[in-house]
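Below is one structure, written out as structure tokens, with a few remarks after it.
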Amino acid sequence: MSISTRSLALRAAAGMTVLASAALLTVACDSAPSADAPDRGVISYNGTEPENPLIPGDATERDSVKIVNALFTGLVEYDTATAEPRNAVAESIATADSRVYAITLAPGWTFHDGTPVTAQSFVDAWNYTAYGPNKLQGATYLSHIQGYEALQDGSARQFSGLRILDDRRFEVTLAAPFSAFPTQLGYAAFFPLPAGFFVDRAAFEAHPVGNGPFRFVSHTPGENIVVHRYDAYGGARKPHIEGVEFRFYKALEDAYADVVANELDYLDFVPADALAGGRYKSELSGRNLSHPYLGVQSVSFPLYDPRYADPRLRQAISMAIDRKYVVDTAFDGDKILADGLVPSAVPGHVAGQCGHLCEYHPERARELFESTGFAGPIELTSNDDSANQVWMDAACATIGKALGRECRYAPVPTFGEFRTLINERRISTIFRSGWVADYPSIENFLNPIFRTGAAVNGTTYSSPEVDALLASADAAPTEREGWVLYQRAERRILQDMPAIPLWFQKVQSGWSNRTRDVAVSQLLQLDLFAVRVD
């Protein structure tokens, strides 16, 4: 199916085995796909062309992950409403010390080619993903497993910490205790691969074979990927729909026009111009939702620049931002003001971590700011995007008013250039940052961003005290026991303020008038088991 040409005309702008049950955020309907018109049971879902082939270990950007999640299922899955992990392909995950994990697979799981899902399927996939010469983007998620460094430098081809016991059982030994490991196991980098992948990777890339609720049908580059329901799926939940067309749009506004016209069934994000004044609520009346997810928006400091070395400066700028004014101005008030680095729905979150440092205190902010002797204007940077400019302009307005100093928005032309400046430590302004959970854990909002030398530590923040707290939290006997230590690390980071948390994210989504039972997960995924189309 091609993208409708009507778009242009219509364009308006804890523990290891957690069993969770909760009411989903839905629009109720008892309708089901028509038996005599199965093609109408295929839902169209907006997205963009995946960056890489649909190999789970190479799927790290959001649109690739949502397709891979339709094609594959991991050892655990996450509850739509609560994000709590629960066993999926795993029958049990057991440990006595948070370092050695015994994993037993549930019987009956198969890949779409009919071959069984075995312990070998996971071990081979993890070895392949972590092997450095393969250059898969998800490799670092496996870094806790013993032997990771040897795979990364190519001196070994297999983890020393993986041992197959039989077809349904394998053992994982980590380099050090890590209590959040079971929660990680629902992320794409930990998915299994069929034997055929290792025989002919090119054939797999052309026609991926997973073990998930949907099987691959076709890929038309630049247009769509189509998947159909896999009726031999081994999971407890089964999809109602016949399939999904992941439809690729170059402009979010075109996708929005199609969903308004009922020519697209589901839209992840309403564009910025439709948020203004809540316009989307009238244009998608009865078929929209605003839903929180596990994400935080922030701005960060390049701490390698000596101008930002004083934590008092960073604290002053935080207290100079009137977060409510910014959210009301840019997002029609539809965000959750941040009180820490960890969103409220994340397991391990505790309220009020940031205290007065994340509140608007202009007089205290100016006093603190002037004591630092900061010279020159204050600049906020992002990639050149109208949605970012609206809120950054609003933030600058409050900073300038509070501190009596010029504040301006200084965009970088493209997202690629913006990220390159951050990654190469060449950015010299306060820059847009933020995080969306890879998996539901307080650990995921701290270790990858604030630990010394962490993969996405774009600020170059380093604190021996924080590193020690994070290491102790990782090694806690259970994930829940580690929360207190992660919380202490979060409070310490906030005192240093390498990043200023602004708000916790909410998504505004819309759907067609034939789409029913819409539920969006805390990880920003449409629940493909719950949704129905007439």
Practice item. Taking only protein heavy atoms into account and a 1.4 Å probe, give the accessible area per residue of the range 386-534 in Å². Key: 35 Å²
**Study point:** Linear extension gain, Ser282 paired with Lys506, 0.36 nm per residue minus alpha-carbon span
**Key:** 78.8 nm
Review point. Across the range 151-168, in residue order, what do the Karplus-derived ³J(HN,Hα) couplings come to in whole Hz, using 6.51 cos²θ - 1.76 cosθ + 1.60 with θ = phi - 60° and x for Gly and Pro?
Key: 6, 4, 8, x, 7, 9, 10, 9, 5, 6, x, 10, 9, 7, 9, 6, 4, 10
**Study point:** Whole-Hz ³J(HN,Hα) from phi, Karplus 6.51 cos²θ - 1.76 cosθ + 1.60, for the range 400-413, glycine and proline x
**Key:** x, 5, 6, 9, x, 9, 4, 10, 9, 8, 10, x, 9, x
Review point. What value does the range 112-178 have for Rg/Rh, both radii from Cα atoms and Rh as Kirkwood defines it?
Key: 0.99
Check your understanding: Among all the lysines, which ones have a C-alpha under 20 Å from Lys506's C-alpha, if same-chain residues fewer than 8 places away are not counted?
Key -> Lys66, Lys281, Lys324, Lys335
Check your understanding: Using a simple charge model, +1 on the beta-carbon of Lys and Arg, -1 on the beta-carbon of Asp and Glu, nothing else, what dipole does the chain show about its Cα centre, in debye to the nearest 20?
Key -> 600 debye
Check your understanding: What's the long-distance tail for the range 276-422, i.e. % of Cα pairs beyond 28 Å?
Key -> 25 percent
Exercise for review: For an R0 of 51 angstrom, estimate the FRET efficiency from the Cβ-Cβ distance between Arg419 and Asp328 and round to the nearest 0.05.
Suggested key: 0.95
Check your understanding: How many nm separate the modelled label positions at His207 and Glu49, each set 7 Å beyond the Cα in the direction of the Cβ?
Key -> 2.3 nm
Study note, to complete from the structure: Nearest-0.05 FRET efficiency for Thr110 and Ala397 at R0 = 35 Å, using Cβ-Cβ distance, is 0.05
Review point. Residue farthest toward the positive end of the dipole of the range 416-534, with Cβ of Lys/Arg at +1 and Asp/Glu at -1: which of Leu485, Trp435, Pro448?
Key: Trp435
Revision key, fill the gap. Taking Cα pairs closer than 8 Å and at least 6 residues apart, the relative contact order of the range 101-146 in percent is 19 percent
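Among bridges DSSP assigns within the chain, what percent are antiparallel (round to 5)?
So the antiparallel bridges in the chain amount to around 80 percent.
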Exercise for review: Starting from the alpha-carbon convex hull of the chain, give the projected area averaged over all orientations, in nm².
Suggested key: 23.8 nm²
Point to revise | Largest to smallest principal axis extent of the C-alpha atoms in the range 395-534, angstrom | key: 55, 48, 31
Review point. Quick one: Karplus J couplings for the range 464-470, per residue in order, coefficients 6.51, -1.76, 1.60, θ = phi - 60°, nearest Hz, x for Gly and Pro?
Key: x, 5, 5, 4, 5, 5, 5
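Please work out how much length the chain gains when fully extended from His356 to Asp166, using 0.36 nm per residue of separation minus the C-alpha to C-alpha distance, in nm with one decimal.
Gain in length upon complete extension: 62.9 nm.
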Revision key, fill the gap. When the charge dipole of the chain is computed with +1 on Lys and Arg Cβ and -1 on Asp and Glu Cβ about the Cα centre, the Cα farthest towards its positive end, among Pro56, Met392, Ala316, belongs to Ala316
Study note, to complete from the structure: Using the Kirkwood radius over Cα pairs of the range 78-149, the Stokes-Einstein translational diffusion coefficient at 25 °C and 0.890 mPa s, in µm²/s and rounded to a whole number, is 171 µm²/s
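The values are calculated or read from the model by the stated rules, or taken from the named source; none is laboratory data. No experiment lies behind these values; they were computed from the predicted model shown. Because the Cβ atoms are built from the backbone with ideal geometry, glycine has one as well, and the counts that use them run over all protein chains shown. Quick note on the areas: whole protein, heavy atoms, side chains included, nothing else; ligands and nucleic acids left out. Shrake-Rupley method; radii C 1.70, N 1.55, O 1.52, S 1.80 Å.
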